[in-house]
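Reviewing the structure listed below.
Since every read-out is calculated from the coordinates, none of them should be taken as a lab result. What you are looking at is a predicted structure, and each value in this text was computed from that prediction instead of being measured. All Cβ positions, even for glycine, are placed from backbone atoms using ideal geometry, and neighbour counts span all protein chains on display.
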Amino acid sequence: MIKDINQYFFSFDELNFNEEKLIEAFRDFSTENVSLLKDTYYYLYPFLIENCKPVAGYKYIDAKHISFQKNILIIDNIEFNLGPIIYRDLKDVSDIFLFVCTIGNKLEEKVQDLVSSGDTITAFILDRIASELVELTADLLELRIQNELDIKNYRLTHRYSPGYCGWSVNEQQKLFSLLPEDFCGVKLTESSLMLPIKSVSGIYGAAFNLIRKDYHCEICDDEFCYRRNSD
């Protein structure tokens with residue numbers, strides 16, 4: 001059942017991060033470095049189990065609080081300048097989900113400790129694994145929301161985050177203003193940086209029998225987008 005505000009606490013095992021996903025996350029590694037990658041992952045594995053703390057939550061906003069103008073979403077008189085790419089996907093939805101996901105701060109603290117000790121290779125590998133884990137947390141949240149929507153034959157759009165697809169990262173401030181304070185344990189700095197750093201926030205649209213469109217990577221110029229890099 002869809003709640004106005006909902007929060008989930010997951011385990012590391014629920015993220016289902018395995019060797020196949022590890023290799024995919026490091027697909028730019030040369031094949032000769034795969035054994036180093038695997039050895040480092042299994043060395044870090046006990047630490048990951050103990051210290052990866054996935055938390056995810058959403059705020060549900062129904063149609064009576066939502067309106068659209070050209071490239072703009074308005075929620076309770078707060079305007080989000082989505083830009084044309086995201087607007088194209090959201091303009092026909094009836095409901096909105098604002099979301100936040102994090103894996104906590106222990107992994108990023110470990111990365112800093114490894115850098116300080118001079119072990120930059122392990123730090124690099126752990127940092128990228130942590131980034132993958134928070135995206136998997138967002139994927140798991142999406143599955144939970146979609147399962148709840150299945151009852152009424154609603155479907156979700158892709159998720160979109162401030163800082164991607166032409167949506168200014170500064171609009172993170174507006175997004176967080178609509179969420180409970182410290183939602184899922186995530187804070188926002190004045191410069192719109194989320195703390196813990198390994199966190200994701202953003203928006204989904206939902207509508208009855210919605211046909212989910214592809215990401216519009218062919219018209220996006222963000223070369224560092226994780227979706228582009230996964231193609």
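For Asp119 and Glu24, a Förster radius of 22 Å and the Cβ-Cβ distance give a FRET efficiency of 0.40, rounded to the nearest 0.05. Given their separation in residues at 0.36 nm each and the Cα-Cα distance between them, Glu181 and Ile5 gain 62.1 nm when the chain is fully extended. Please determine, in degrees from 0 to 90 and to the nearest 10, the orientation of helix 106-116 with respect to the longest principal axis defined by the Cα atoms of the chain, where the helix direction is its Cα long axis. With both axes taken from Cα atoms, the answer is about 40 degrees. For Asn153 and Ile49, FRET efficiency with R0 = 35 Å and r from the beta-carbon atoms, rounded to 0.05? Result of the calculation: an efficiency of 0.40.
Phi angles across the range 182-193 convert, under the Karplus curve 6.51 cos²θ - 1.76 cosθ + 1.60 with θ = phi - 60°, into 3J(HN,Hα) values of 6, 4, 6, x, 9, 10, 10, 7, 4, 8, 6, 8 Hz, Gly and Pro given as x. Helix 34-51 axis versus longest C-alpha principal axis of the chain: approximately 70°, rounded to the nearest ten. Applying 1/(1 + (r/R0)^6) with r as the Cβ-Cβ distance of Phe68 and Leu195 and R0 = 30 angstrom yields a FRET efficiency of 0.45. Across the range 90-103, computed HN-Hα scalar couplings (Karplus, 6.51 cos²θ - 1.76 cosθ + 1.60, θ = phi - 60°) run 9, 4, 9, 7, 9, 10, 10, 10, 8, 9, 9, 9, 8, 10 Hz from first to last residue, x flagging Gly and Pro.
Relative to the 2.2 N^0.38 Å rule of thumb, the range 7-124 has a C-alpha radius of gyration ratio of 1.50. Pairs over the 21 Å Cα-Cα cut-off, from the set Lys64/Lys187; Lys53/Lys187; Lys187/Lys213; Lys53/Lys152; Lys64/Lys91; Lys21/Lys59: Lys64/Lys187; Lys187/Lys213; Lys53/Lys152; Lys21/Lys59.
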